[in-house]
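Worksheet for the structure shown next.
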Amino acid sequence: MPQTRVIIAEDEAIPRLDLREMLDNLGYLVVGEASDGRSAVNLARELRPDLVIMDIKMPDMDGITAAKILTEERIAPVLLVTAYSDRELVERAKDSGVLAYVAKPFGEAQLVPAIEVALARFRELRALERELGDTKQALETRKLVERAKGVLMDTQGLKEAEAFRKIQKLSMNTRKSMREVAEAILLAHEVQKDVS
């Protein structure tokens, strides 16, 4: 199984080195390091890691703002680490789409579950997005086929089942999807209306 590729973003050199060593010991592959949020975002865009672990308080762009960008762009899940645990930061972290949060000081025992939960949640979110996209596509296709059936029923005097079978048969004969056939029927109908 390939190693999980991680980017670390921490503005302080010693904690960044400690985190890298911890990740190396745990079998994760650190592919990049950044000392501020903007650099972390740019590095993640370039390297497409499996996970970004970043501190909240960093110069130029804080970890929460960077996490929001990475989440919106669907680049990688983000695990935030911080010495600060006030409610406002936790709320901002939740709103940014962060998938896990670990308070400093932490050890390997706290880090591994947080990493694995973040990775699992990200995979689940991606699967749901794909499923939602497939569902939207199917619904759109169904609407187009319904409209095309209506056109065939109106213009050719077909019953609903006959119109559906005609679309189905055209789909098989032309090796086009039912969506493509429905779109062609609707387009031809629009052209015919414009000509008349």
Notebook entry, point to check: Using 1/(1 + (r/R0)^6) with R0 = 41 angstrom and r between the beta carbons of GLU91 and GLU180, what's the FRET efficiency to the nearest 0.05?
Noted result: 0.30
Margin query: Give me the one-decimal nm value for the distance between modelled label points at GLN168 and ARG74, 7 Å along each residue's Cα-to-Cβ direction.
Written below: 3.3
Margin query: Under the 0.36 nm per residue contour assumption, what length would be gained going from the current alpha-carbon distance of LEU132 and GLU108 to full extension?
Written below: 5.1 nm
Check: Which distance in Å, rounded to a whole number, links the C-alpha centroids of segment 67-113 and segment 148-196?
Finding: 52
Margin query: Using the Kirkwood radius over C-alpha pairs as Rh, can you work out the diffusion coefficient of segment 138-196 via Stokes-Einstein at 20 °C, viscosity 1.002 mPa s, in µm² per second?
Written below: 189
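Rank GLU129, GLU46, GLU12 by accessible area, highest first, at a 1.4 Å probe radius?
Largest accessible area first, the list is GLU46, GLU12, GLU129.
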Check: Whole number please: convex hull volume per residue of the Cα set in the chain, in Å³?
Finding: 190
Check: If you wrap a convex hull around the Cα atoms of segment 34-81, how much volume per residue is inside, in Å³?
Finding: 55
Next item on the list: Report in % the part of the accessible area of the chain that belongs to carbon and sulfur, leaving out ligands and nucleic acids; probe 1.4 Å.
Entry: 53
Checklist line | Calculated [θ] (222 nm, deg cm²/dmol) that DSSP helices of n ≥ 4 give over the chain, each run adding -39,500 (n - 2.57) | finding: -22000 deg cm²/dmol
Next item on the list: Name the shape class, rounded, prolate or oblate, that the alpha-carbon gyration tensor gives for segment 110-177, where a ≥ b ≥ c are the square roots of its eigenvalues, rounded holds for a/c under 1.5, and otherwise prolate holds if a/b is larger than b/c and oblate otherwise.
Entry: prolate
Next item on the list: Can you figure out the FRET efficiency of GLU116 with ALA83, using R₀ = 25 Å and their beta-carbon distance, to the nearest 0.05?
Entry: 0.65
Check: Using the Cα gyration tensor of segment 28-144, with a ≥ b ≥ c the square roots of its eigenvalues, what is the shape: rounded (a/c below 1.5), prolate (a/b larger than b/c) or oblate (neither)?
Finding: prolate
Next item on the list: Please report the relative contact order for the chain, taking Cα pairs under 8 Å with a sequence separation of at least 6, and give it as a percent rounded to a whole number.
Entry: 13
Margin query: Loop only by DSSP, 16 or fewer other Cβ within 10 Å of the Cβ. Give me the chymotrypsin sites (Phe, Trp or Tyr not before Pro) in segment 76-139 that pass, ordered by residue number.
Written below: TYR84, PHE106
Note to self: For segment 1-47, what does the relative contact order come out to in percent, with C-alpha contacts under 8 Å and a separation of six or more?
What the structure shows: 46
Next item on the list: With +1 on each Lys and Arg Cβ and -1 on each Asp and Glu Cβ, and nothing else charged, work out how big the dipole of the chain is about its Cα centre, in Debye to the nearest 20.
Entry: 1380
Check: Based on the Cα atoms of segment 3-67, what semi-axes does the equivalent ellipsoid have, where each is the square root of 5 times one gyration tensor eigenvalue, given in whole Å with the largest first?
Finding: 18, 14, 8
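The values are calculated or read from the model by the stated rules, or taken from the named source; none is laboratory data. Computed from a predicted model, the values in this text were never measured in an experiment. Glycine gets a Cβ as well: all are built from the backbone with ideal geometry, and neighbour counts include every protein chain shown. These area figures cover heavy atoms from the full protein model, side chains too; ligands, DNA and RNA do not enter into them. Shrake-Rupley method; radii C 1.70, N 1.55, O 1.52, S 1.80 Å.
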